[in-house]
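First up is the structure itself, then whatever we jot down about it.
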Amino acid sequence: METIEITLEQQSSTGMKLNNSVLEIIVDRPKEQGGGGTGLMGGQYLLTGIGGCYCSTFFAAAESRGLEIKGLRVQIIAVKSTDLPKRFTEVKLLVSYEECSDKALFKKVLAIAEKGCLSINTIKNGTKFKVETLA
């Protein structure tokens, strides 16, 4: 079984930092929510991960089928719960483009990418989740 692992380290009193060989990512809250305002909130990164995973899967499916796309745009809209526990209750991806070589194939690739996206499959099908201490 393949695993993916990342490690976040404390960067400030409210922020965490992911370091890898290519970039740094800061997770923090806005100042108005008690954070330092140095990065996106975790929920925004979750949505970015969903959108990014979908797009990379979309591009792979489009390329393998000879579909040419220019100016792809994905707007990710999430509805936050009003009750506890706080969570997203709905996530929607609105996909558009500037140029496309085959509109009918584009619609097929949309569905293929949704079915093949690891992040979307994790959200739709649930996952076991556990928090443990190493201290």
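The values are calculated or read from the model by the stated rules, or taken from the named source; none is laboratory data. Every value quoted in this text rests on a predicted model; they were computed, and no experiment measured them. Every residue, glycine among them, receives a Cβ derived from its backbone with ideal geometry; neighbour counts consider all protein chains shown.
Quick one: which residue in Thr38, Thr122, Thr133, Thr127 is of a type in the set (Ser, Thr, Tyr) and surrounded by 15 or more Cβ atoms within 10 Å (Cβ to Cβ)?
Result: Thr38 is the single residue among Thr38, Thr122, Thr133, Thr127 that is of a type in the set (Ser, Thr, Tyr) and surrounded by 15 or more Cβ atoms within 10 Å (Cβ to Cβ).
Find all pairs meeting these conditions: Cβ atoms under 6 angstrom apart; at least six residues apart or on different chains; first residue within region 36-65 and of a type in the set (Ser, Thr, Tyr); second residue in a helix (DSSP H, G or I).
Partner pairs satisfying both residue conditions: Tyr54/Ala113; Thr57/Ala113; Thr57/Gly116.
Evaluate the following for Ser21: is it out of contact with any helix residue (DSSP H, G or I) (no Cβ under 6 Å at 6 or more places or on another chain), within 30 Å of Ser101 (Cβ to Cβ), small (Gly, Ala, Ser) and loosely packed, with under 11 Cβ neighbours inside 10 Å?
Criteria not met by Ser21.
Of everything in region 95-135, what is in contact with a strand residue (DSSP E or B) (Cβ under 7 Å, 6 or more places away or on another chain), aliphatic (A, V, I, L, M) and not in a helix (DSSP H, G or I)? Give them in sequence order.
Matches in region 95-135: Val95 only.
Among the listed residues Lys107, Lys103, Lys92, Lys115, identify the single one that is modelled with pLDDT of 95 or more, within 14 Å of Gly52 (Cα to Cα) and charged (D, E, K, R).
The match here is Lys92.
Taking Ala135 and the conditions (1) within 26 Å of Ile6 (Cα to Cα); (2) modelled with pLDDT of 95 or more, which numbered condition does it fall short on, given that it satisfies the others?
(2)
Looking at Lys86, is it of a type in the set (Lys, Arg), at negative phi and at pLDDT below 95?
yes
The conditions are (1) within 23 Å of Arg29 (Cα to Cα); (2) over 18 Å from the mean Cα position of the chain (by Cα), and Ser101 fails exactly one of them. Which is it?
All conditions pass for Ser101, except number (1).
Among the residues of region 78-135, how many are free of Cβ contacts under 8 Å to residues at least 60 places away in the same chain and either small (Gly, Ala, Ser) or more than 20 Å from Glu63 (Cβ to Cβ) (or both)?
36
Inside region 1-63, counting only strands (runs of 3 or more DSSP E) that do not spill past its ends, which hold 1 or more residues that are of a type in the set (Gly, Ala, Ser) and modelled with pLDDT of 95 or more?
none
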